[in-house]
Structure formats: structure tokens, C-alpha cells
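Student: Sharing a structure below in C-alpha cells format, with a few things to ask.
Taken together, the values in this text are just the output of simple stated rules run on the coordinates, not laboratory data. What you see is a predicted model; the values in this text were computed from it and never measured. Ideal geometry is used to build each Cβ from the backbone, glycine not excepted, and the neighbour counts take in all protein chains shown.
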């Protein structure tokens, strides 16, 4: 489980060493630390072009059907709060998108439809939603990300 801290009262995904800050929708930033992973290339992308492509994927690949446009959650969990069903790290989020969610819950494995780079862009966009305030947020689910 990763630690969430932030200098601007916004959650941040953290795990080991600080590697990036990522702008979020309200123009503040969150601190994202590189996860301890064998796949060292799986880090949050911070380039505006990658974040924009991630947002397009979020909208166009039906993520919004379960998580709403603002990430607040409907059938799927709220992506903006500091709680998790499947892990808080960038790699955890990447793996849920890649491999699918919990059995029987509807989240499919996107690795057969999206490239690794696209999943990395999508995951990076989702990171920017964390700490934002959705219009109608779904109640927290799962475990809190550590503080």
C-alpha cells in the first residue's frame, strides 16, 4: 500500500522516492513517487500531451460509463478519493486497467485493446483526478491509502 501526502492538501500517490509532480484539474499539483517495481518504465507520465491523450482514452474507451466524466464513480469506484479497492500506487492502477478488476465486478482487462503506452497515459490521467472534487462523489470503498 502506498503513502498519500501532499503539500497542498491534495492526495498524492507515493511509494519510494519523489520523481514527479503532476498538475491536476484545479491547477494545483500532486507529488507522485516512483513505485518500487521491476518494470521501471512504468512511471507516471507528466507531459501535457500524454495527460491529454489519457483524458481522451478515459472519455472514449467508456471509462466514464462506470466512473463518470469527473471520476466520481457510479458502478465503478470513485477515482478521486483517498481509498482503494486494488491498491494506491501507479503500478496498482496500471495493473487494474491492464489485467482487469476483481472477478465478477465488470472491469475488463484493457491490455488486449490498448497499448502499454496508452494504458500508461490513461493511468497518468487518472492520477490527475485524485484529490479533485467530483459533482456527486460515490462513497469511499475499500481501504484508505496510507497517510
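Student: What is the list of residues in the stretch 57-79 whose amide nitrogen lies under 14 Å from a point 7 angstrom out from the Cα of residue 139, following Cα to Cβ?
Tutor: Those under the cut-off are 78.
Student: Got a sec? How would 51, 108 order by Cβ neighbour count within 10 Å, fewest to most?
Tutor: 108, 51
Student: Still on this structure, I have one more. When a footprinting reagent is the concern and you count Cβ atoms within 10 Å, what order do 113, 125 take, fewest first?
Tutor: 113, 125
Student: I would also like to ask the following. Taking the Cβ of each residue in 41, 67 as the centre, tally the other Cβ atoms inside 10 Å and list the residues starting with the fewest.
Tutor: Neighbour counts put them in this order, fewest first: 41, 67.
Student: Report the Stokes-Einstein translational diffusion coefficient (µm² s⁻¹, integer) for the stretch 85-126, Rh taken as the Kirkwood radius over Cα pairs, at 25 °C with viscosity 0.890 mPa s.
Tutor: 240 µm²/s
Student: How high is the FRET efficiency from residue 115 to residue 146, r the C-beta distance, R0 35 Å, rounded to 0.05?
Tutor: On the way: r = 31 Å, r/R0 = 0.90.
So the FRET efficiency works out to roughly 0.65.
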